[in-house]
Amino acid sequence: MSNILGFPRVGQNRELKKALESYWSGKCSQQELESVAKDLRAKHWELQKHLDYVCVNDFSLYDNVLDVAYAINAKPQRFKDLSGLEGYFAMARGHKNGVACEMTKWFNTNYHYVVPELSIDDEYKADASNIIAQYNEAKALGYKPKISLVGLFTFFGLSKIIKGEPADVFKKVKSAYLDLIDELVKIDDEVVIEFSEAIFVRGNDETLGNLRCLLGTSAIECIYNVIPEKGIKTIVSTFFEHSNEFTELLLRTKVYGIGLDFVAGSKNEQSLEAIGKSDKVLYAGVIDGRNIWVADLESKLALLDSINKFVPKERIKISASCSLLHVPFSKAGESKIDSQILLWLSFASEKLQEIAFLDKLFRGQDSAALAFLQENKAINAARKNSDKTNNKAVRERVKNYPHKQRAESFKERIKIQKELLNLPILPTTTIGSFPQTSEIRALRLGYKKGEINKAQYDEGIKAYIKDCVAFQDEIGLDVLVHGEPERNDMVEYFGEQMEGFVFSQNAWVQSYGSRCVKPPIIFGDVARPKPMTVDWITYAQSLTSRVMKGMLTGPVTILNWSFVRDDLPRSAVCEQLALCIADEIDDLQKAGIKIIQVDEAAFKEGYPLRAENIKEYERWALECFKTSTAIAQPQTQIHTHMCYSEFNDIIKTIEALDADVISIETARSGNELLKIFKEVGYANEVGPGVYDIHSPRIPSVEEIERQIKALLEVLPKEQLWINPDCGLKTRKWEEVKPSLEHIVEAVKKVRASL
Ligand code: GLN
Ligand code: ZN
């Protein structure tokens, strides 16, 4: 009696990624793509065969939210004439007929879904043929399928309404969605659908608040009565947090089962009594679908026992806490990770095994399961006591570290810095990276593979830095950067130089479409044995008389973009990271670097889904950032950077970070995002991006001038820096050069007019 909500679909060796990219570039046919997809599905089902069902429709050529949009023909007007895969990929990736739909993060994960665009003018029409085909495919192979489907409320709640009253649009969407269900009912007599309704974990915050008053809670009850009444065995699952408000509601409906996350949403335990009294089957998400550590089966059994106090065994199904989409395929091929640490890891395939054995252990004696438990106990004990995870010196240092915040106030600091740096009004800079050319990628790869030696590698990187600095000098930027040619990723670069991290060869996780990321794994106490950036930055500084900005990734961002050990609180791991960054700052300033940027690109991303948990996250994340920068002398100017965020919700926290300068990504929203800085009386300096680097176009001098003037309407000139948005590394030199020249030109004009 065991279950998962979905399995990673890119394949053990990213087969899907390769097939997709080859299809997009015209190198393989639709048929070939579909045959790769079919093979992957079959392979993944085979791994799931011991579960109650195998998951169908968790597979997608791009994204499951997009799949639902496509299945009800919710296509934006600009793609109306496109059909089949052409229409599907147009929404995901753009087409000559129009730009792609927006993409955004799936709750608090690093997976991105395609945001459906809904309009009252649309004619929705259900087409379940794709789902039915996959269902029949599984059946033909002898498996018992369960359909995974994004629930109506989550689908609607995550969509963008382009035109019409939301309630009216909802009616149309609902009717098409129910038509889809009608088609699915017809497949056979035992159709099971698991609806993912992750939006319910947002509780009563605004998003769902809106949804509720828009639809009334009765709409939710109504839909989850109607669907079971059609003859569907209906399971509604939530994940990433508790969903107690909605569990209560769902218990009043005719659904067969409710899936809850007991890993990220331990408060779900509050619903157990009510579940026990109902007739519902509980899909107990006890195996972590978001992390990669071996489960501690003993503690999982204890958790199941506590669930069992309320819910009888025959109504408990052992499940993963969420779709396994968020973990890599299998650790089988990893040959470079320390063999002991490898034992502590569990990826999707290994989790299937844990679920199966946990189920057996929960239900009674089974010798194979008992042996598995013994082994599991030994692994967990070894991990707990390993000196690989415990570094006494690090723990002591964190406990006694004296610098929690900078000694001087911003007012005092900025006065000293202004005198020392002597920058013009509206100083110009960039966010750090410059174009990653194919030569520079080849250089890094060649070095990694041992094809070139350290001296050759250093020479190549230095040549890049030299060109990069010369260019910035020449066009007259005020604060320069070295360009980050030595980094393939802003987290991996630092992780690779710290103790406590390991890197997999193949632990890819889907980020969006064919794009996968390979997050670093933090397994033990984190320490920095030696400087990580000082050589490159001081080299860059030696090439110019202008100020060179040192470039670091902040502790919160390193944490949020890694797989983090689960045997310490995240906050404790973050504190250790903070000290590593503090040491780096200290070494940089001692080496004569006057400005240091600590990027916190993923600060916002770590925010909890539920409002009630935000304060706690903000408290420690803020503390860690401040600890990491507290070592800076008053004359060292600390910059930070955050990517596109809703700053309104977090402005107080940004203020409390107390960075001397913050650069933010704003170009896409004009000066709207900036207004909040004025509203709250933000006093430190701000560099709002003046042009959007996400498209290949080159902004004109006039356009940038207008943008700067718009910024000046919001904030005084003394407070403003001028820079582009982040991510120059993704652009070509041909685009970056003229764009930055135009920035400098525009700033000159504005300065003259002031
Ligand atoms: N310094 C990094 C860069 O410019 C920041 C990247 C980011 O904000 N995501 O590439
Ligand atoms: Zn950014």
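The values are calculated or read from the model by the stated rules, or taken from the named source; none is laboratory data. Just so it is clear, the structure is predicted and the values come from calculations on it, not from any experiment. Backbone-built Cβ (ideal geometry, glycine too); neighbour counts: all protein chains shown. For the accessible areas, the whole protein counts, side chains as well, though only heavy atoms, and no ligand, DNA or RNA atoms are used. Shrake-Rupley method; radii C 1.70, N 1.55, O 1.52, S 1.80 Å.
Per-structure values
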quantity	calculated
Part-to-part distance (alpha-carbon centres) for the stretch 539-616 and the stretch 51-82, which is given in Å	38 Å
Nearest-ten-degree value, helix 410-421 long axis tilted from longest Cα axis of the chain	50 degrees
The chain, dipole about Cα centre (Lys/Arg Cβ +1, Asp/Glu Cβ -1), debye to the nearest 20	580 debye
The stretch 88-138: GluC sites (Glu not before Pro) in DSSP coil with no more than 14 other Cβ atoms inside 10 Å	GLU102, GLU123
With Cα atoms, 0 to 90° folded angle of helix 217-229 axis to the chain main axis	40 degrees
Whole-Å distance, taken between Cα centres, linking the stretch 377-443 and the stretch 668-721	26 Å
For the stretch 491-552: rounded, prolate or oblate by the Cα gyration tensor [a/c cutoff 1.5]	oblate
Solvent-accessible area of ASP658 with every protein chain in place, 1.4 Å probe, in Å² to the nearest 10	50 Å²
Burial order of peptide ranges 231-240, 544-553, 459-468 (average beta-carbon count within 10 Å, highest first)	231-240, 544-553, 459-468
Dimensions in Å of the stretch 97-189 - Rg and Dmax from alpha carbons	15.6, 46
Under 5 Å, built H, 5+ apart or other chain: amide partners of TRP293	SER346
Alpha-carbon Rg with Dmax, taken over the chain, Å	26.9, 83
Global geometry of the stretch 528-631, whether rounded, prolate or oblate, following the gyration tensor of its Cα atoms and the 1.5 cut on a/c	prolate
Angle between the chain longest axis and helix 454-475 axis [Cα atoms, degrees, rounded to 10]	70 degrees
For the chain, with +1 on Lys and Arg beta carbons and -1 on Asp and Glu, the positive-most of VAL750, SER504, ALA393 along the dipole	ALA393
Peptides ranked, highest mean first, by Cβ atoms within 10 Å: ranges 384-392, 296-304, 309-317	296-304, 309-317, 384-392
Peptides ranked, highest mean first, by Cβ atoms within 10 Å: ranges 628-640, 171-183, 366-378	628-640, 171-183, 366-378
For the stretch 301-315, 3J(HN,Hα) per residue [Karplus equation, 6.51 cos²θ - 1.76 cosθ + 1.60, θ = phi - 60°, Hz, x = Gly/Pro]	5, 5, 4, 5, 4, 5, 5, 5, 4, 10, 10, x, 3, 5, 9
